[in-house]
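The values are calculated or read from the model by the stated rules, or taken from the named source; none is laboratory data. Not measured: the values here are computed from a predicted model. Because the Cβ atoms are built from the backbone with ideal geometry, glycine has one as well, and the counts that use them run over all protein chains shown. Please note that ligands, DNA and RNA were not included when accessible areas were found on the heavy atoms of the full protein model with its side chains. Shrake-Rupley method; radii C 1.70, N 1.55, O 1.52, S 1.80 Å.
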Amino acid sequence: MTGSSTPVLELRDVSKSFGPVVALRAGSLRVEAGSIHALVGENGAGKSTLVKVVAGVHRRDGGDFLLGGDSVDFGSTSDSKDAGVAVIYQEPTLFPDLSVMENIFMGRQIVGRGRRIDRPAMYAEAEGLFGRLGVDLDPRRPARGLSIADQQIIEIAKAISLDARLLIMDEPTAALSGVEVERLFAVARSLRDEGRALVFISHRFDEVFDLCDTITVMRDGSYVATHRTEDTSSPAIVAEMVGREVADLFPKTPAEIGEPVLEVEGLQSRGVFHDVSFTVRRGEIVGLAGLVGAGRSEIARAVFGVDGYDAGRVRLNGRDIRRRSPRAAIDAGMAFVPEDRRAQGLVTEASVARNVASVIRGGLARAGLLTTGAENRAAGPWAGRLEVKTNALDMSARTMSGGNQQKVVIAKWLATEPDLLIIDEPTRGIDVGTKSEVHRLLSELAGQGMAILMISSELPEVLGMADRVLVVCEGRITADLPRADATPEAVMHAATRQLEVAG
Ligand SMILES: Nc1ncnc2c1ncn2[C@@H]1O[C@H](COP(=O)(O)OP(=O)(O)OP(=O)(O)O)[C@@H](O)[C@H]1O
Ligand SMILES: [Mg+2]
């Protein structure tokens, strides 16, 4: 092995199975110091499993794993930490009751004279780390209540204080707003410039091409190819990921628009949203556009009854829906696929079939059909349509890949056959190949008369799918644009400047 070209991380033909499920067949990855390396692939391709082998969460079944040229085999996450590997997951795992500083120094206090824990030294070091990262965070505050973005920064500060030579980020940006992504990228670039090695996993290709020097593609648990970013293109990467050409045009088909299904009048929640009125009709897809934090998800949550509101009313099929009662909303014919599927939408311990069938379970039970077979029959078609890649429907949802968990939540709600579907970020965490399948499905459901309210931060998705676009800015609807008038310029204008077009 020649000294200068020894990569920080080298994986060759790494395999890992869980019982009958082959998660990794032949995973390979070679990451150099001073570079940011993207790892891309479809949902279930094995990206997170590869990361977990490196992190010491899983032990590989076969293949080579070298760190700085030395063969390693981690039996636990503390082994990987000691070897200078830091992993940042989508949901950080901080201790909420401890302070920011205590979280950074978890398990390895700075000890001063007389073997006393030197808290001032630890605060000073935490402040120094945040200064270096260019973020304004108080190390004395508790971790509880911090945004996901700030929690990730704390994990990164921790990694730097441990002097990690390899930093892996598994879909870190899925829950971040635009400015937060920019801050994270600035931090990632400065770490690269210090000579550290970074691995970045994302389904957002604009981010991959913006941030990374090198891209490795995986498919079905195996390595496919590695490219310098400047030598490749997004369509080329997609073709390698899915093994076929993918149209990124959304197959929106025109549907007949009928009677109002959802009527929202003068909805208000003090300090969150104000005077929100709109209608969604049979067969219509209404997009809620706007910047992250504009209040779109909050409006959706109030309509469905997860959150309350101070004034206004919500009607479904002409009937008032009791406020703050998701049960009443479901009974009246609403379904809600929330933004944060893992926390709000999925019972991760239950099997896939049970998840998909849980909402219709009442019906099956009444008919005396509550058997695994009946559940599988109810769940199967929806899960199949969404290409939930599982060997068996009775697999536990907890062990599914992130993107497949998202699809299970969507399938579960579709099985209720609602009149109104509210769907928040329908394709977040879902790979490019399946994205257009989700869009086709929504379009078809609208064609069959379902009313759909869709929130999306991806402008092309909103413009491609929606019959009408409502733009939310600072808790108010600032534009109501029919499909023909919904240009990117018109939407961005309304999303950033308040009330120039009254909604
Ligand atoms: N603990 C486990 N037990 C059983 N199967 C598992 C386990 N962990 C992962 N798998 C399976 O291994 C395969 C690869 O999953 P992995 O999470 O690595 O995919 P991924 O590439 O990260 O996908 P995504 O983009 O959706 O996050 C999936 O089929 C998944 O269901
Ligand atoms: Mg994953």
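Here is how the numbers come out for the structure above:
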quantity	calculated
Selection status of residue 228, basic (Lys, Arg) and open to solvent by 50 Å² or more (accessible area, probe 1.4 Å)	yes
Conditions (1) touching a Cys at 6+ places or on another chain (Cβ under 6 Å); (2) not in a strand (DSSP E or B): number failed by residue 38	(2)
Those residues of segment 34-79 which are open to solvent by 50 Å² or more (accessible area, probe 1.4 Å), of a type in the set (Gly, Ala, Ser) and modelled with pLDDT under 95, in sequence order	78
So residue 82, is it more than 16 Å from ligand 1 (Cβ to nearest atom), open to solvent by 30 Å² or more (accessible area, probe 1.4 Å) and touching a residue at least 24 places away in the same chain (Cβ under 8 Å)	no
Any hit, segment 252-268, residues being in contact with a His (Cβ under 9 Å, 6 or more places away or on another chain), in contact (Cβ under 8 Å) with a residue 12 or more places away in the chain and outside any strand (DSSP E or B)	yes
Yes/no for residue 25 being within 16 Å of ligand 1 (Cβ to nearest atom), at pLDDT 95 or above and either open to solvent by 40 Å² or more (accessible area, probe 1.4 Å) or not assigned by TED's automatic domain parsing to the domain that holds residue 166 (or both)	yes
Count - residues of segment 28-56 that are more than 16 Å from ligand 2 (Cβ to nearest atom) and either more than 18 Å from residue 89 (Cα to Cα) or not assigned by TED's automatic domain parsing to the domain that holds residue 164 (or both)	7
Close pairs from segment 43-55: first at negative phi and near ligand 1 (Cβ under 6 Å from one of its atoms), partner open to solvent by 10 Å² or more (accessible area, probe 1.4 Å) and among the acidic types (Asp, Glu), Cβ under 7 Å, at least 6 apart	45/220; 48/170
Any hit, segment 57-77, residues being in contact with a helix residue (DSSP H, G or I) (Cβ under 9 Å, 6 or more places away or on another chain), hydroxyl-bearing (Ser, Thr, Tyr), under 18 Å from residue 162 (Cβ atoms) and in contact (Cβ under 8 Å) with a residue 12 or more places away in the chain	yes
